[in-house]
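These notes are about the structure you will find just below.
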Amino acid sequence: GKVGPNSIVLHQNAAESFRGGIEVDADWKATSRWEFLTSNSLSFNQIQQDGEVFKPVLTPSLLISCDVVYNISKSVYTGLNVRFNGKSYIDFSNEHQLPSYALLNIYGGVNWKGFLIKGSLNNVLNDLVLTNAVLGANSPLYFVMSGINGSVSLTYKF
């Protein structure tokens, strides 16, 4: 049969499932230089199967992302992003979970003659973040997000 996201074999479709909640995206340009952005999700999710009710695998109930952007000029910007992921379960019995985490990221960019150069520095505080897991013989085996890391991209528009 099919295998679920945590290596558990799926034997049947869920009898009943429910996903509901609220999402809020907001952008506010406070001045010509300062912008504030946020994207948030609060949800209630459950599956009912064989008389049991449980939360879906890898589905946090709370997600928050907030940015503060400073436009240095019309073509240069920098920003700070804070992201929060709530806890989520890694098994259908809801016994094992990924803990919630918060990340701090810094980014910036330059627009110049059709080129967009962007860079980011992620997980600035070098936190240990567990992003996924599978069930081993006796306990969960976790996948760990990279510590502090970065990227640079170059885009050209013509």
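The values are calculated or read from the model by the stated rules, or taken from the named source; none is laboratory data. Just so you know, these numbers come straight off a predicted model, no measurement behind them. Cβ placement follows ideal geometry from the backbone for every residue including glycine, while neighbour counts extend to all protein chains displayed. Accessible surface areas use protein heavy atoms only, side chains included; no ligands, DNA or RNA. Shrake-Rupley method; radii C 1.70, N 1.55, O 1.52, S 1.80 Å.
Please pick out the residue among Tyr89, Tyr77 that is of a type in the set (Phe, Trp, Tyr), open to solvent by less than 70 Å² (accessible area, probe 1.4 Å) and modelled with pLDDT under 95. If you could, list the steps in order and put the result at the bottom.
Values: Tyr77 fails: modelled with pLDDT under 95.
Exactly one of Tyr89, Tyr77 is of a type in the set (Phe, Trp, Tyr), open to solvent by less than 70 Å² (accessible area, probe 1.4 Å) and modelled with pLDDT under 95, namely Tyr89.
Test of understanding: among Ile90, Ile106, Ile117, which residue is in contact (Cβ under 8 Å) with a residue 40 or more places away in the chain and among the aliphatic types (A, V, I, L, M)? Before the answer, list the steps.
Details: Ile106 fails: in contact (Cβ under 8 Å) with a residue 40 or more places away in the chain; Ile117 fails: in contact (Cβ under 8 Å) with a residue 40 or more places away in the chain.
Residue meeting the stated conditions: Ile90.
With respect to Leu104, is the statement that it is of a type outside the set (Ser, Thr, Tyr), modelled with pLDDT of 95 or more and open to solvent by less than 70 Å² (accessible area, probe 1.4 Å) true? Show your work before the answer.
Numbers: of a type outside the set (Ser, Thr, Tyr): yes; modelled with pLDDT of 95 or more: yes; open to solvent by less than 70 Å² (accessible area, probe 1.4 Å): yes.
Criteria met by Leu104.
Any idea how many residues of the stretch 52-66 are over 16 Å from Ser100 (Cβ atoms) and either touching a His at 6+ places or on another chain (Cβ under 6 Å) or open to solvent by 50 Å² or more (accessible area, probe 1.4 Å) (or both)?
Number of matching residues: 2.
Looking only at the stretch 131-144, decide whether some residue is at pLDDT 95 or above and part of a loop (DSSP other than H, G, I, E, B).
Looking through the stretch 131-144, none of the residues is at pLDDT 95 or above and part of a loop (DSSP other than H, G, I, E, B).
Residue check: is Asn123 open to solvent by less than 50 Å² (accessible area, probe 1.4 Å), on the phi > 0 side of the Ramachandran plot and modelled with pLDDT of 95 or more? Lay out the reasoning, then the answer.
Details: open to solvent by less than 50 Å² (accessible area, probe 1.4 Å): yes; on the phi > 0 side of the Ramachandran plot: yes; modelled with pLDDT of 95 or more: yes.
Judged against the criteria, Asn123 is a match.
Checking the structure you have, find out if any residue of the stretch 2-19 is in contact with a Lys or Arg (Cβ under 9 Å, 6 or more places away or on another chain) and either at pLDDT 95 or above or assigned to a loop (DSSP other than H, G, I, E, B) (or both). Reasoning before the result, please.
Of the residues in the stretch 2-19, the ones in contact with a Lys or Arg (Cβ under 9 Å, 6 or more places away or on another chain) are 9-11.
From what is left, the residues that are either at pLDDT 95 or above or assigned to a loop (DSSP other than H, G, I, E, B) (or both) are 11.
Yes, the stretch 2-19 contains at least one residue that is in contact with a Lys or Arg (Cβ under 9 Å, 6 or more places away or on another chain) and either at pLDDT 95 or above or assigned to a loop (DSSP other than H, G, I, E, B) (or both).
Condition first: open to solvent by less than 50 Å² (accessible area, probe 1.4 Å) and closer than 20 Å to Ser88 by Cα. Now tell me which residues in the stretch 133-158 satisfy that.
Ala133, Val134, Gly136, Pro140
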